[in-house]
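Colleague: One structure follows; several queries about it will come next.
The values are calculated or read from the model by the stated rules, or taken from the named source; none is laboratory data. Here the structure is a predicted model, which is why all the values come from computation and not from measurement. Every residue, glycine as well, gets a Cβ built from its backbone with ideal geometry; the counts of neighbours run over all protein chains shown. Protein only, heavy atoms only, side chains kept; ligands, DNA and RNA dropped before computing areas. Shrake-Rupley method; radii C 1.70, N 1.55, O 1.52, S 1.80 Å.
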Amino acid sequence: MDLLLTQYQQFWRFSPFHFTVLPWADTTIGQNLLQISAAEIERLDQDEVHRRSYFSEFFPELNQFSPFDLATPDSKKTTQTELPFWFSRDIKGRKLEQIQAFATEMQQSDLPVLEWCAGKGHLGRWLCFSQQREVCSLEWQEALCVEGQQQAKKLQLAQHFIQADVLSESTSKHFNTAQQVVALHACGDLHIRLLQLASRVGTKQLDIVPCCYHLIATEQYLALSTQAQQSTLGQLSRDELKLAVQAQVTAGDRVTRLRHIEVMWRLAYQELYQDLQSQTHYRPLSSVPKHWFSGEFSAFANWAAEQHQWQIPADTDWDHYLQLGQQRHLLVQKMQLVRSLFRPLLEQWLVLDRALFLQQQGYQVQVKQFCDYQLTPRNLMISASKS
């Protein structure tokens with residue numbers, strides 16, 4: 001995996017927003033992309049199987065290489081606990097299905113549970129109810145702890161909330177050897193901290209589903225395992241780590257449409273900014289609420305200019321820059337199609353780094369898909385146990 005990511009790094013290790021032409025336009029794949037239609041781009045973007053097949057002549061190793069055998073969820077292995085009305089009322093849709101899948105695929109045990117970055121404690125509450133487990137839920141936001149504790153008390157469940165900053169050193173006191181630690185979609189440094197503290201104490205069982213690998217305090221990713229520290233890739237930046245979580249399968253039509261508009265408007269603004277300010281570099285913008293992209297481009301552009309401390313002339317030809325934004329968006333989509341081929345490889349590399357780190361600490365480790373990819377793209381579970 002390391003060698004493949006290194007060999008092809010020119011095709012994924014860059015930010016498309018910084019380019020106004022294909023960075024590898026002179027290659028065979030670049031020439032192919034210059035001819036591709038907008039309709040075909042849309043199809044390739046939505047169909048991963050078709051995308052891998054389409055680009056297989058350029059990157060044959062990606063189809064031939066199987067990094068490791070992923071155990072898949074057993075359709076016969078389903079929870080027998082009937083879903084009570086109060087649970088389906090509190091948690092909707094995919095999140096509820098993810099919790100049930102996690103509970104089914106985690107290591108079965110009667111150990112007390114430590115729920116990491118618990119939020120309102122939905123996962124812990126389900127484990128209390130369905131498996132009659134004793135659960136301690138750690139959560140940073142006090143309001144969520146209060147709400148979760150009220151729910152547990154009302155339902156007479158053995159779930160206790162503790163308000164704590166999990167990144168602080170004092171959090172180690174909540175770990176012990178006779179314990180099972182669980183975390184569903186804990187982000188970046190939060191799940192790394194969990195692995196470090198649990199392995200230091202020798203916690204008996206861990207079941208975690210990592211998420212948002214780029215949410216780390218350091219500019220560069222600090223690999224955990226000896227193997228990853230010796231990587232031919234060198235250090236990965238936060239921007240590069242973002243690629244691992246860019247797959248989107250759960251968004252509805254409206255969210256998808258607004259996301260496309262947002263990218264196009266951001267690029268249209270960049271064209272306007274670079275033209276009127278005589279700049280050549282890409283200048284990023286902070287995140288904004290999605291409602292901005294249901295209005296007018298001119299309003300968004302004026303807001304963006306205010307963030308960059310300049311004023312757009314009143315007689316600006318908005319349609320002209322929107323057309324440039326559309327052209328730039330098409331170019332970005334072409335680059336993203338190629339980058340996305342390496343997303344699974346990078347994510348599995350990062351998951352293996354965590355698994356190998358635990359193995360070095362004396363754990364027996366398994367990596368598996370705990371649910372279908374359509375339920376959540378972040379569907380890789382690390383299960384570790386220590387005798």
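Colleague: Using alpha-carbon pairs under 8 Å, 6+ residues apart, how would you state the relative contact order of the stretch 230-387 in percent? Intermediate values should be presented prior to the final figure.
Modeller: Values: 119 pairs, mean separation 46.1, N = 158.
Computed over the stretch 230-387, the figure is 29 percent.
Colleague: Quantify, in whole percent, the carbon and sulfur part of the accessible surface of the stretch 268-363 (1.4 Å probe; protein heavy atoms only). Walk me through the numbers on the way to the answer.
Modeller: Values: 2000 of 4480 Å².
That fraction is 45 percent.
Colleague: Taking P(r) over Cα pairs in 20 Å bins from 0, in percent as the quantity of interest, determine which of (i) 24, 42, 24, 10, 0; (ii) 24, 51, 24, 1; (iii) 27, 59, 14, 0 was computed from the displayed structure.
Modeller: Label (ii) holds the value from this structure.
Colleague: Still on this structure, I have one more. Please determine, in degrees from 0 to 90 and to the nearest 10, the orientation of helix 253-276 with respect to the longest principal axis defined by the Cα atoms of the chain, where the helix direction is its Cα long axis.
Modeller: 50 degrees
Colleague: Now for a different question. Roughly to the nearest percent, how much of the accessible area of the stretch 196-263 is carbon and sulfur, given a 1.4 Å probe? Walk me through the numbers before you get to the answer.
Modeller: Numbers: 1580 of 3250 Å².
Exposed carbon and sulfur together represent 49 percent of the surface.
Colleague: Using a basic spin-label model with each label point 7 Å from the Cα along Cα→Cβ, how many nm lie between Lys386 and Ile36?
Modeller: 4.7 nm
Colleague: What number comes out for accessible area per residue over the stretch 108-187 if the probe is 1.4 Å? Units Å², please. Show your work: numbers first, answer last.
Modeller: Working: 3770 Å² over 80 residues.
With all protein chains present, the stretch 108-187 gives 47 Å² per residue.
Colleague: In the stretch 292-329, which residues have a backbone nitrogen under 17 Å from the label point lying 7 Å from Arg259's Cα in the Cα-to-Cβ direction?
Modeller: 292-294, 329
Colleague: When the chain is fully extended, how far beyond the present Cα-Cα distance does Trp303 get from Gln220, taking 0.36 nm per residue of separation? Don't jump to the answer; show the numbers that get you there.
Modeller: Working: separation 83, 0.36 × 83 = 29.88 nm, distance 3.10 nm.
Fully extending the segment from Trp303 to Gln220 adds 26.8 nm.
Colleague: Could I ask something else about it? In nanometres, what is the gap between the two model label sites at Gln360 and Ser56, each 7 Å from Cα along Cα-to-Cβ?
Modeller: 3.7 nm
Colleague: Cα atoms only: what Rg and Dmax, in Å, come out for the stretch 188-306?
Modeller: Here Rg and the maximum Cα pair distance are 19.7, 61 Å.
Colleague: Okay, moving on. Compute the angle between helix 188-201 and the longest alpha-carbon principal axis of the chain, please, reported from 0 to 90 degrees and rounded to the nearest 10.
Modeller: Roughly 30 degrees between the two axes.
Colleague: Here is a follow-up. Taking only Cα atoms, what is the 0 to 90° angle, nearest 10, from helix 318-340's long axis to the longest principal axis of the chain?
Modeller: Approximately 50 degrees, to the nearest 10.
Colleague: Then there is this: Defining a contact as two alpha carbons under 8 Å apart and six or more residues distant in sequence, what relative contact order in percent does the stretch 215-301 show?
Modeller: Computed over the stretch 215-301, the figure is 22 percent.
Colleague: Whole number in Å², please: accessible area per residue of the stretch 214-273, 1.4 Å probe, ligands, DNA and RNA not counted. Can you show the working numbers first?
Modeller: Working: 2920 Å² over 60 residues.
Per-residue accessible area for the stretch 214-273 comes out at 49 Å².
Colleague: Follow-up. Choose one answer from Pro23, Pro313, Pro60: the residue with the largest mean-square fluctuation in a GNM of the chain with alpha-carbon springs under 10 Å.
Modeller: Pro313
Colleague: Something else about it: Take the cross-link list Lys153/Lys386; Lys173/Lys386; Lys204/Lys368; Lys242/Lys386; Lys92/Lys154 and give me the ones stretching past 24 Å between alpha-carbons. The partial results should precede the final answer.
Modeller: Numbers: Lys153/Lys386 33 Å; Lys173/Lys386 19 Å; Lys204/Lys368 19 Å; Lys242/Lys386 32 Å; Lys92/Lys154 20 Å.
From Lys153/Lys386; Lys173/Lys386; Lys204/Lys368; Lys242/Lys386; Lys92/Lys154, over 24 Å: Lys153/Lys386; Lys242/Lys386.
Colleague: Set the Förster distance to 51 Å, then compute FRET efficiency between Gln227 and Thr20 from the Cβ-Cβ distance, nearest 0.05.
Modeller: On the way: r = 38 Å, r/R0 = 0.74.
Approximately 0.85, to the nearest 0.05.
Colleague: Next question, about the same structure. How far is it, in nm, from the label point at Asp239 to the one at Thr280 when both lie 7 Å from their Cα along the line to the Cβ?
Modeller: Between Asp239 and Thr280, the label points sit 1.7 nm apart.
Colleague: Could you work out which residue, out of His329, His160, His50, moves most in a Gaussian network model of the chain, that is, has the largest mean-square fluctuation with Cα springs under 10 Å?
Modeller: So, out of His329, His160, His50, the one fluctuating most is His50.
Colleague: Can you tell me, using C-alpha contacts under 8 Å and at least 6 residues apart, the relative contact order of the chain as a whole percent?
Modeller: Working: 513 pairs, mean separation 82.2, N = 387.
The normalised contact order for the chain reaches 21 percent.
Colleague: At most 13 other C-beta atoms within 10 Å and a DSSP loop state: those are the exposed GluC sites (Glu not before Pro) I care about. Give me the longest piece of the chain that has none.
Modeller: Working: sites that count: Glu57, Glu82, Glu219, Glu296.
Longest gap between qualifying sites, sites excluded: 83-218.
Colleague: Figure the gain on full extension for Gln369 and Asp319 (residue separation times 0.36 nm, minus the Cα-Cα span) and round it to one decimal in nm. Present the calculation step by step, with values, prior to reporting the outcome.
Modeller: On the way: separation 50, 0.36 × 50 = 18.00 nm, distance 4.61 nm.
Full-extension gain reported as 13.4 nm.
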